[in-house]
Amino acid sequence: MFGTRRPTVAPIVVFFSIAVVLTATVVAAAQTPTERAPDVVRQGVAAEQPANPEAAIWAAVEVAYHEGDWEAVKALLKQLPARPHGDRLQLLLSERPRDRPPSDEVGPRTAGQELFMMQQDPAVRLSLEAQAGSLSAAPRIIDASGDPALPPRPSRPAKASRAPIPPPTAPSDIEAPTATLKVGAACTYANLQAAVDAATSGDTIWIQGTTWTGALATVNISNKTLYIWGGLNPACTALDGSQTTLDATGVADSVLEISLTAGQLVQLHHFDLTGGTPDLDNGGGLEIDGEGTVELYDTKVFGNDSALGGGVHMDDAGSSLVLDDVSRIHSNTADNHGGGIYCENGSITLTGGSDIGVNGGNIADHDADGTGNGGGVYLDACTLTLNGQDGTFIDVVDNQAVNGGGVYAVNNSYVAIQDESASVRSNSAGQNGGGLYLASGADVYVDSGHVNDNSAGSSGGGVYVNGSDSYVDFDNFYCTTLPCASLDDNDAGSAGGAIYATGSATVDLESTSVDGNQAGAAGSAIYASGSGTTIGIDTTMITDSFGGPGTSYAVRLFSSAQATINNTTFAGNSDTDEAVFGIHSGAGMSAYGLIVWGNDSAAIVHGDGIATIECSVLQSAFTGADNVVADPEPRYPERNDEEL
């Protein structure tokens, strides 16, 4: 954990990076060396272990695990002393392969399935259940499919939890392909529209891998499930892996317009959609209407323009867009909102290395007198999921707008940034919300993901959140190593380098790195303002923030905002001219188990608000139970993972 924990005598762990304290562990002075807890595992690296039988057993467990010898694993686990070993088991469970055969497949079982079988042994099951108390989160008990049986997502404060987002329906669950129609110079059909018109629902279309222009590049698909593949060879005999380009430059129409009913699907493979321009329906590259699903595979939507949704426009309840297999929405522009994608009432999922903005960011009208919001994505009662759980990089990157450079979300929209390879980064806003702008009940949920390197001309370099039902949640539900998520290197011209929260919004940060953020005026890391605005921070590192001259503060609470901060480290924050925490009259902070050390300002708190700090290691005196002024000095700096 970071900072100090609420038990009176407990270990605190620190991480060092270039001699900057990131977090620390304090042991009560009365403890003798024999009373110290053993070294712990942090950031996936095992601390040095003394030579003893237990260490030898664990070494054998790890060898047997990686060799797939599960009988040996079970036998070895039973030899361990009867005390918790949850961190070790959590590490083994987290290393299971992501891919698995179906549960009824004949052949070798995955690690997850083997662990499930292990749990059927009553003795092993009891041992696993007994070890639950040693985990910081619930243990990963495996179900019969080989998947972790994860606990439900935690509820939002004063707000019902959203149901999990169902995966897109697989093509085989909708309609199986029935016939293959071929398009090209030597084929049956001379252009894609002719093949679409001739196809029946469920058919496959192959189109020659070349560039189609003019009227041949604009296509309407209505009420049909179709599987459309680019890259047909000139002989019209086979797919050769090339791209098919539809270039509608000069036509003044969307490239593709797709209208579907519930349960219908259109797949596009190996396409480039470009040159689309404004029409009555919006969506320069792709217009999606109705309640069906459109899936893009290895498909690029770029160089398009529209009033709403330069790349993609979708505005019907039940509509769904999936980007997979390195599909990209980039270099599009919107005269109003949604440079990359404009979405109302639907859902968008990115997976398989797909992104919005790589190779050239999308732009919503962001001139000095511009009004465009959502450079990458504009969400109105819409859901956006960045799913990096397959290990590929999923990004919303390099987009620009007046507000919400990366994502602008309103009216109960929901953004999920899942896994360490998913991020909203390097976006910019002329006013507020460089990475994300959330208002009117919009939420963002970040689990092991990143909101980094974004900038805003005014407030909220990383995230700007405004509204009594809007929620920012950086959590550690799937995380096994700390820190789990990051909110790093964001920049605000005025306030809230990482986060600006107002209007009774709620912010929760847990197991998060908040490092290297900047603000020109106040709250180089976090700025919160307004009655009902609440900030919760736990097990987090707030480090190396940089504020402008005057009243900068790393954390600024203004006008009745309230914060609860536990087990968190503040270190290396510079130009905090008056104090680390600035607490305005009417605002308040309750803190426990902090480490505040190595910041420019010696003072801990400034302002007329109420601050309570207890059981903390501080760089200067502050009245509170069990506070100490002490240097959190590492015992083993060469290990970069220290007990104090």
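3J(HN,Hα) couplings calculated from phi for region 394-408 with the Karplus curve 6.51 cos²θ - 1.76 cosθ + 1.60 (θ = phi - 60°) are, in sequence order, 10, 9, 10, 9, 6, 9, 9, 6, 5, 10, x, x, x, 9, 10 Hz; Gly and Pro show x. For region 196-285, the solvent-accessible area of protein heavy atoms averages 34 Å² per residue (probe radius 1.4 Å; ligands and nucleic acids excluded).
Its residue count N fixes a reference of 2.2 N^0.38 Å for region 471-621, and the Cα radius of gyration divided by that reference is 0.91.
Taking every protein chain into account, the accessible area of region 438-543 amounts to 21 square angstrom per residue (probe 1.4 Å). Within the accessible surface of region 278-325, defined with a 1.4 Å probe on protein heavy atoms only, the carbon and sulfur portion equals 49 percent. Here the accessible area of region 352-496 is 37 percent carbon and sulfur, with a 1.4 angstrom probe and all protein chains present. Relative contact order, whole percent, for region 437-590 stands at 18, derived from Cα pairs under 8 Å and 6 or more residues apart. Here the relative contact order of region 504-571, from alpha carbon pairs under 8 Å that lie six or more residues apart, stands at 39 percent. For V326, nonlocal amide neighbours, meaning residues 5 or more places apart or on other chains whose placed amide H falls under 5 Å from its own, are D298, G353, S354. Phi-derived couplings, Karplus 6.51 cos²θ - 1.76 cosθ + 1.60 at θ = phi - 60°, listed residue by residue for region 257-272: 10, 10, 10, 10, 9, 4, x, 8, 9, 10, 10, 10, 10, 6, 10, 10 Hz, with x used for Gly and Pro.
Tell me which residues come under 5 Å, amide H to amide H, from A248 once H is placed; ignore anything under 5 positions away on its chain. Placed amide hydrogens put T274, G275, G276 under 5 Å from A248.
For T211, the residues whose amide H sits under 5 Å from its own are T245, ignoring neighbours fewer than 5 places away on the same chain, with H placed 1.01 Å from N. Taking every C-alpha pair closer than 8 Å and separated by at least 6 residues, the mean separation divided by the residue count of region 311-464 gives a relative contact order of 18 percent.
The values are calculated or read from the model by the stated rules, or taken from the named source; none is laboratory data. The structure presented is a predicted model; accordingly, all values stated were derived computationally and were not measured. To get the accessible areas, we keep the full protein, side chains included, count just its heavy atoms, and leave off ligands, DNA and RNA. Shrake-Rupley method; radii C 1.70, N 1.55, O 1.52, S 1.80 Å.
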